[in-house]
């Protein structure tokens, strides 16, 4: 059995930010806290991104606290740039991330502690910062006839790049209204015989800069959901899609012609309620991800609405648990701020029996 003051689950942006603030507050890695990451290498979900997502095309990457990312080649894959940056960050602040470690469940331990059961043993801790993100839980919608489709079905999590066999010379249906869906659509359209774009709601494009006031308003909408225990929506879902020059050109080519959701999947295509059909060799589901929180199930944190109700980053049903990178903090800048907030609350929680004198955050 391992005993620590805090366990950070996940070493993406949210986990590394939290670990940084723990260390800055006087907590020593390995002795006072541990960071557990199930990914094989540094980089969080970025290490799994497709090669054509270059650093220059990344949508809103904010530097980790205490160390800027400078001099990056915008034409290098984001997986390489950000993976290298995260690796340098872990070394610079001696965060001692343990990987690959799979966290199986978080449950009640002894003497008021939480037990974090993992593939590398059990840690008993007084606080958990859950920073597991969403990448490992891709959302696959279900439709009648889906199992009988004779072509290929891929999710963003499996996207191999636009010139793969799944797309080259094929009829491709891209499903989804977010940033990834549009990026996939623009790329695939250059290699496919034909593309069809399908979304649940008409996409909202926005022109011009996105200022701080608009950003706060968008985050507030997401906060309202988690405050009442509803499953969070992404911040991007309430900000709209930024209209770029590349997207304008694609719109002129007819690539951004949007269709409503189909109602059925046929063996060789998709069909709508009015009887119209479109051929499909490949369906690319750019339908997003859901929070990875099943390992917290033994603590019964979910509300009737399906989400975990938070006050700041703290779970209302258990103040020992903080969710960073969940809901309103599911952005790179949001994760940085939430990591700092979580550590403040954890210091307050431990203050009654903490003999150390942490440095203020």
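The values are calculated or read from the model by the stated rules, or taken from the named source; none is laboratory data. The model shown is predicted, which means the values in this text are computed figures rather than measured ones. Glycine also receives a Cβ, built like all others from the backbone with ideal geometry; neighbour counts cover every protein chain displayed.
Structure above, values below:
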quantity: Filter result for residue 166 (within 25 Å of residue 231 (Cα to Cα), surrounded by 14 or more Cβ atoms within 10 Å (Cβ to Cβ), over 20 Å from the mean Cα position of the chain (by Cα) and modelled with pLDDT of 95 or more); calculated: no
quantity: Test: residue in region 44-51 that is within 28 Å of residue 320 (Cα to Cα) and in contact (Cβ under 8 Å) with a residue 40 or more places away in the chain; calculated: yes
quantity: Out of 251, 225, sole residue that is outside any loop (DSSP other than H, G, I, E, B), free of Cβ contacts under 8 Å to residues at least 40 places away in the same chain and more than 27 Å from residue 144 (Cα to Cα); calculated: 251
quantity: Residue count, region 181-194 (criterion: surrounded by fewer than 24 Cβ atoms within 10 Å (Cβ to Cβ) and not in a loop (DSSP other than H, G, I, E, B)); calculated: 5
quantity: Total residues in region 264-322, condition assigned to a helix (DSSP H, G or I) and either crowded, with 19+ Cβ neighbours inside 10 Å or outside the structural domain of residue 15 (by TED's automatic domain parsing) (or both); calculated: 3
quantity: Residue that is surrounded by the fewest Cβ atoms within 10 Å (Cβ to Cβ) [pool: residues in region 1-24 that are more than 21 Å from residue 326 (Cα to Cα) and modelled with pLDDT of 95 or more]; calculated: 3
quantity: Residue in region 147-154 that is in a helix (DSSP H, G or I), over 30 Å from residue 351 (Cα atoms), without any contact (Cβ under 8 Å) to a residue 12 or more places away in the chain and touching a strand residue (DSSP E or B) at 6+ places or on another chain (Cβ under 9 Å) present; calculated: yes
quantity: Test: residue in region 125-141 that is under 23 Å from the mean Cα position of the chain (by Cα), part of a helix (DSSP H, G or I) and surrounded by fewer than 16 Cβ atoms within 10 Å (Cβ to Cβ); calculated: no
